[in-house]
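Read the figures in this text as sums done on the coordinates, not as results from a lab. Only a predicted model underlies this, so the values are computations on that prediction, with no experimental measurement involved. Neighbour counts run over all protein chains shown; Cβ positions are idealised from the backbone, glycine included.
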Amino acid sequence: MSTPSQVNNLSQASLSKESLTQQQKNLADNFEETLRGIIAQILPGQQIPIHSDSKLKEDLGLDSLDMVELIMICEKDFFVTLPDEKWNQIETVAELEKVVKEEVLGN
């Protein structure tokens, strides 16, 4: 399994559009684990369990700056641009997973 940073390094090496799409699909296949790892990076030193029904702000304690960081990392690691209107509606990890996966797969 490729880590997001490994995939990012590959994309910088001029991958074709088809290869990038395949990399996006590979990330999508394991993306729940990857996405939870991204959330854990934003919460360094905290041992908060991350579940699908965890609320990003209330349960995990993400503030507005953390949310911006989360958006930026997701966009970079999953090779997508996420519309603001979708981010404003995300409250839980499951909702985040759904939005990111839809964008990665182009649904």
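Distance in nm between label sites at residue 76 and residue 50, each 7 Å beyond Cα in the beta-carbon direction?
Calculated label separation equals 1.5 nm.
For region 35-47, what does the Karplus curve 6.51 cos²θ - 1.76 cosθ + 1.60, with θ = phi - 60°, yield as ³J(HN,Hα) per residue in whole Hz, taken in order and with x for Gly and Pro?
5, 5, x, 5, 4, 4, 4, 6, 10, x, x, 9, 9
So if each residue of separation counts as 0.36 nm, and I subtract the Cα-Cα distance between residue 63 and residue 87, what length gain in nm does that give?
Values: separation 24, 0.36 × 24 = 8.64 nm, distance 1.36 nm.
Length gained, residue 63 through residue 87: 7.3 nm.
Can you list residues from other chains, or at least 5 along the same chain, whose modelled amide H is less than 5 Å from the amide H of residue 92?
Excluding prolines and chain starts, which carry no amide H, the hits are 56.
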